[in-house]
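Data block below; observations after.
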Amino acid sequence: MSNRSSATPTTTPDLLRRLVAEAEVEVARRRAREPEAVLAVKAASQPGTLDLAAALRGRRLRVIAECKASTPLLGVLAPNYRPGRCAAAYQAGGAAAISVLCQETSFGGSPEHLAAVRSEVTLPILRKDFIVSEHQLLEARAQGADAVLLIVAALTPLRLGELLASSRRLGLQALIEVHSAAEVETALSAGAALVGVNHRDLTTFQVDLGLSERLRPLVPDSVVLVAESGIHDAAAARRMRHAGVDAILVGEALMRAADPAQKLRELCV
């Protein structure tokens with residue numbers, strides 16, 4: 001597999017540039033500790049992956065519940081962060097899938113958190129990260145993930161296609177994240193089967209829930225559509241359902257909730 005890093009477009013926002021740069025440093029450090037040949041053996045020993053796309057289809061709005069210790073904007077969300085226990089509570093509350101934030105430098109995550117979650121739940125698991133290398137895909141598969149996040153704004157169209165193809169060869173599905181009509185076109189041209197609309201503009205940090213409503217007509221019904229960021233209550237969840245999205249990805253609201261399982265039930269509208 002190729003060890004090339006992403007070529008970051010000049011239009012990529014400053015925060016995203018920083019997070020991608022951090023991811024590249026983390027990959028180099030972990031590759032030195034665990035080469036891809038070693039990871040490939042571990043990945044090959046894993047059982048078959050679960051179908052994230054199928055888990056996100058249904059009459060009711062599905063929820064991808066996210067486990068994360070902290071964020072660059074909000075700081076620490078969970079001082080005693082235990083991703084396995086967090087994921088188990090989400091499964092009990094009716095989550096359709098679990099997202100695990102694995103970026104270390106700014107989010108306090110780790111690829112090993114995927115294995116901790118895998119040992120506690122039977123749901124599909126998404127590696128939420130700034131994917132720039134096939135090494136991260138192998139890590140995801142070796143640690144028990146079923147899917148990965150690929151961010152259009154962090155990758156050239158060529159690199160997006162390469163990483164999507166590599167994901168599929170490993171049996172991983174890919175949720176391709178977009179923030180504009182042009183990025184929807186890029187995602188669909190690459191062959192996306194799952195598209196995630198990130199409501200947060202990383203240039204201003206503002207959240208626009210109307211983005212999913214505006215982009216929905218551009219996404220074919222055959223493609224699973226996920227709304228991400230800024231969904232904190234049942235009213236916002238209902239708005240997304242009325243917009244025609246299949247699922248929402250929720251992290252902050254669940255991590256801050258006194259009873260995450262109950263909060264999750266409120267969002268499954």
Out of all the residues in the stretch 242-258, which are outside any loop (DSSP other than H, G, I, E, B) and free of Cβ contacts under 8 Å to residues at least 24 places away in the same chain? His242, Ala253
Within the stretch 140-158, residues more than 13 Å from the chain's Cα centre (by Cα) and open to solvent by less than 10 Å² (accessible area, probe 1.4 Å) come out as Gly144, Ala154, Leu155
Would you be able to tell me the number of residues in the stretch 216-241 that are out of contact with any Asp or Glu (no Cβ under 6 Å at 6 or more places or on another chain), touching a residue at least 60 places away in the same chain (Cβ under 8 Å) and β-branched (Val, Ile, Thr)? 1
Specify which of the listed residues (Glu134, Glu112, Glu177, Glu183) is open to solvent by less than 10 Å² (accessible area, probe 1.4 Å), touching a residue at least 12 places away in the same chain (Cβ under 8 Å) and either among the basic types (Lys, Arg) or out of contact with any Pro (no Cβ under 7 Å at 6 or more places or on another chain) (or both). Glu134
For Glu104, state whether it is in contact (Cβ under 8 Å) with a residue 40 or more places away in the chain, out of contact with any Leu (no Cβ under 8 Å at 6 or more places or on another chain) and assigned to a loop (DSSP other than H, G, I, E, B). yes
Restricting to the stretch 23-46, name every residue that is under 18 Å from the mean Cα position of the chain (by Cα) and surrounded by fewer than 18 Cβ atoms within 10 Å (Cβ to Cβ). Glu24
Among the residues of the stretch 209-232, write down those that are open to solvent by 40 Å² or more (accessible area, probe 1.4 Å), outside any helix (DSSP H, G or I) and either in contact with a Cys (Cβ under 7 Å, 6 or more places away or on another chain) or within 17 Å of Asn198 (Cα to Cα) (or both). His232
Open to solvent by less than 10 Å² (accessible area, probe 1.4 Å), touching a residue at least 60 places away in the same chain (Cβ under 8 Å) and within 30 Å of Ala116 (Cβ to Cβ) - does that describe any residue in the stretch 186-193? no
Residues satisfying the stated conditions in the stretch 47-91, i.e. touching a Gly at 6+ places or on another chain (Cβ under 7 Å), assigned to a strand (DSSP E or B) and surrounded by fewer than 19 Cβ atoms within 10 Å (Cβ to Cβ): Ser70
A careful count of residues in the stretch 92-109 that are more than 16 Å from the chain's Cα centre (by Cα) and open to solvent by less than 10 Å² (accessible area, probe 1.4 Å) gives 1
When you look at Ser110, is it out of contact with any strand residue (DSSP E or B) (no Cβ under 8 Å at 6 or more places or on another chain) and small (Gly, Ala, Ser), yes or no? yes
Name the pairs whose Cβ atoms lie under 9 Å apart, with the first residue in the stretch 200-215 and at positive phi, the second surrounded by fewer than 17 Cβ atoms within 10 Å (Cβ to Cβ) and not β-branched (Val, Ile, Thr), and 6 or more positions between them or separate chains? Phe205/Leu15; Phe205/Leu73
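The values are calculated or read from the model by the stated rules, or taken from the named source; none is laboratory data. Everything numeric in this text was worked out from a predicted model, so none of it was measured. Neighbour counts are summed over all protein chains in view; Cβ atoms, including those assigned to glycine, are modelled from backbone coordinates with ideal geometry. The accessibility values were calculated without ligands, DNA or RNA, using every heavy atom of the protein model including side chains. Shrake-Rupley method; radii C 1.70, N 1.55, O 1.52, S 1.80 Å.
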